[in-house]
Amino acid sequence: MKIGIIGATGKAGRAVVMEALSRDHETTAIVRNPARAAELFGGGVPVLARDAFDLTAEDLRAFDVVVNAVGMAPDQAQQHVDLARALVKHAGGNESLRLVFILGAGSLTTGEDNHLFVEDIRKLPGAEAWVSIPENQLKELEYLRTVDDVDWVGVSPSATFEPGEARGVVLGNDELLVADDGTSHTTSGTMAEAILDEIEHPAHHRQRFTVRDRS
């Protein structure tokens, strides 16, 4: 498949690029800084040098799947929603294109009362400096759930999302996944593996799922 990864040089995007290449997909890094992409991936990965907000419908038509792995700074967190809207607009009418959005864990439910995990995040020390990110990724998912004319899928990590090799995939739906030892952890490698599995064997359409490490 022809897969474009927006934000390919970030934590999640880099892992998705490497996983897609390992499965022999035609993989393009969509980045603002092509020099950084060349540094990370060498000359073997085609690069589309674009700011995510400058992408066009014509750009997206080059791909079977576009993965949005863009991270935002806390003071720009609203752009999670803005970019989702832009990509959906550009994908409109393109029945052959699938959009994959890497979301946050804040929109997952947890606890006996099934409250949103973002409510727990807000109580963490110092969270006021960065909680705008999970709050806006929740808004991003709420927006996506109104979209019924584009084939989109969202993927949320567990409570802790860090760089690392794949550690086995455990999937869920809308509830925060917690291992038997009480941890809730997803590596970027595990996230990438789950995304490529979904791309190759679509099981979720216009819905979100979540993934945690098996070990």
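No value in this document is a laboratory result; all are computed from the given coordinates. None of the values given here were measured: they were computed from a predicted structure. For neighbour counting, all protein chains shown are included, and Cβ atoms are generated from backbone atoms with ideal geometry for every residue, glycine included.
Order by neighbour count: K89, K11, fewest other Cβ atoms within 10 Å first, most last.
In order of increasing Cβ crowding within 10 Å: K89, K11.
With a point put 7 Å past each Cα toward its Cβ, work out how far K2 is from V147 in nm, to one decimal.
Between K2 and V147, the simple spin-label model gives 2.0 nm.
Rounding to the nearest 20 debye, state how big the charge dipole of segment 54-170 is about its Cα centre with +1 on each Lys and Arg Cβ and -1 on each Asp and Glu Cβ.
Value, rounded to 20: 60 debye.
What list of ³J(HN,Hα) values in whole Hz, one per residue of segment 205-215 in order, does the Karplus curve 6.51 cos²θ - 1.76 cosθ + 1.60 (θ = phi - 60°) give from phi, with Gly and Pro shown as x?
3J(HN,Hα) across segment 205-215, in whole Hz: 10, 6, 7, 10, 10, 10, 9, 10, 5, 6, 9.
Which residue, V66, Q78, G13, has the largest displacement toward the positive end of the dipole of segment 1-83 when charges sit on each Cβ (Lys, Arg +1; Asp, Glu -1)?
G13
Given R₀ = 30 Å, what would the calculated FRET efficiency be for D180 paired with S22, taking r from the Cβ atoms and rounding to 0.05?
In this case the efficiency is close to 0.55.
Projecting each Cα onto the charge dipole of segment 2-213 (Lys/Arg +1, Asp/Glu -1 at the beta carbon, about the Cα centre), which of I102, A194, A37 comes out farthest on the positive side?
Among I102, A194, A37, the one farthest towards the positive end of the dipole of segment 2-213 is A37.
Work out how much length N114 to T160 would gain on full extension: take 0.36 nm times their residue separation and subtract the Cα-Cα distance, in nm to one decimal.
Full extension from N114 to T160 adds 14.7 nm.
Counting GluC sites (Glu not before Pro) as exposed when in a DSSP loop with at most 14 other beta carbons within 10 Å, what is the longest stretch of the chain free of them?
Free of exposed loop sites, the longest segment is 1-94.
Can you tell me how segment 113-215 classifies by the Cα gyration tensor, rounded, prolate or oblate, using a/c under 1.5 as the rounded cut?
Oblate is the answer for segment 113-215, as a/c is 1.5 or above yet b/c matches or exceeds a/b.
Using helices alone, what [θ] at 222 nm do you get for the chain, with -39,500 (n - 2.57) per DSSP H run of 4 or more residues, divided over all residues and rounded to the nearest 500?
-9000 deg cm²/dmol
When T160, T110 are ordered from fewest to most other Cβ atoms inside 10 Å of their Cβ, what list results?
Ascending number of Cβ neighbours within 10 Å: T160, T110.
Relative to the Cα centre, what is the charge dipole magnitude of segment 2-213, using +1 at the beta carbon of each Lys and Arg, -1 at the beta carbon of each Asp and Glu, and rounding to the nearest 20 debye?
540 debye
Taking every DSSP beta bridge with both residues inside segment 2-213, roughly what % is antiparallel (nearest 5)?
Percent antiparallel among DSSP bridges in segment 2-213 is about 15.
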